[in-house]
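Please read the structure below before turning to the comments.
A short reminder: the numbers here are calculations on the coordinates, not readings from a lab. Since this is a predicted model, take the numbers as computed values, not measurements. Here the Cβ positions follow ideal geometry from the backbone for every residue, glycine too, while neighbour counts run over all protein chains shown.
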Amino acid sequence: MSDVRDERYWARQLSDMLDAAGAVRIDLSDPEVAAAAEATESIRRAMMARDQPASDLAANTAHTWTPDQMRAEFDVDGFMAPFVVVRRRSDGARGMLEFTHLPRVYFNWTPDEPTGDIPNE
C-alpha cells in the first residue's frame with residue numbers, strides 16, 4: 001500500500017511542478033497530433049510493461065539524479081512515463097530524462113537537437 005501512496009505523492013508533485021511551470025498540454029482533438037501520440041503511446045506502454053526503465057537504469061553509466069537533484073538542475077516542461085522533458089537551468093538546454101518509479105531515479109540526459117519546429121526551442 002505504501003508504494004501506491006508514494007506513487008500518488010510523486011504524481012501529484014510532478015503535476016504541481018508542471019502547472020507551476022506553465023507546461024503545455026497536448027490537444028488530442030487535432031487528428032494529426034492524436035495519430036502521432038497514438039503511435040508513440042504503444043511503444044511507451046510496451047516499455048513500461050517490460051520494465052524497460054529499470055533495465056536502462058541498470059545499464060546506465062552516466063549521471064543519475066534524485067527527485068530533489070533533478071528539480072534543482074532542471075525545469076520540467078512535460079512528462080509521460082518513463083520520460084520527462086526538461087530545460088537545464090544552467091544554460092537553458094532542452095532535453096529529456098528517463099526515470100524509474102520506485103525508487104524514483106532520473107537518468108540518461110539527452111539534449112534535444114534544435115529543429116525549429118517547436119517555438120522557443
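Given 0.36 nm per residue, what is the gain on full extension from Met48 to Ser29 after removing their alpha carbon distance, in nm?
Details: separation 19, 0.36 × 19 = 6.84 nm, distance 2.52 nm.
Contour length minus Cα-Cα distance gives 4.3 nm.
For His101, which sequence-distant residues (separation of 5 or more, or a different chain) have an amide H within less than 5 Å of its own amide H, given hydrogens modelled in the peptide plane? Hits under the 5 Å cutoff: none. For the pair Asp16 and Asp75, the difference between a 0.36 nm per residue extended length and the Cα-Cα distance amounts to 20.0 nm. Placing a pseudo-label 7 Å from each Cα along the Cα-to-Cβ vector at Thr66 and Arg8 gives an inter-label distance of 2.5 nm.
Within the range 34-121, list the trypsin sites (Lys or Arg not before Pro) lying in a DSSP loop whose Cβ has at most 11 other Cβ atoms in a 10 Å radius.
Arg50
In this calculation the C-beta distance from Thr40 to Ala93 is compared with R0 = 22 Å, giving a FRET efficiency of 0.45.
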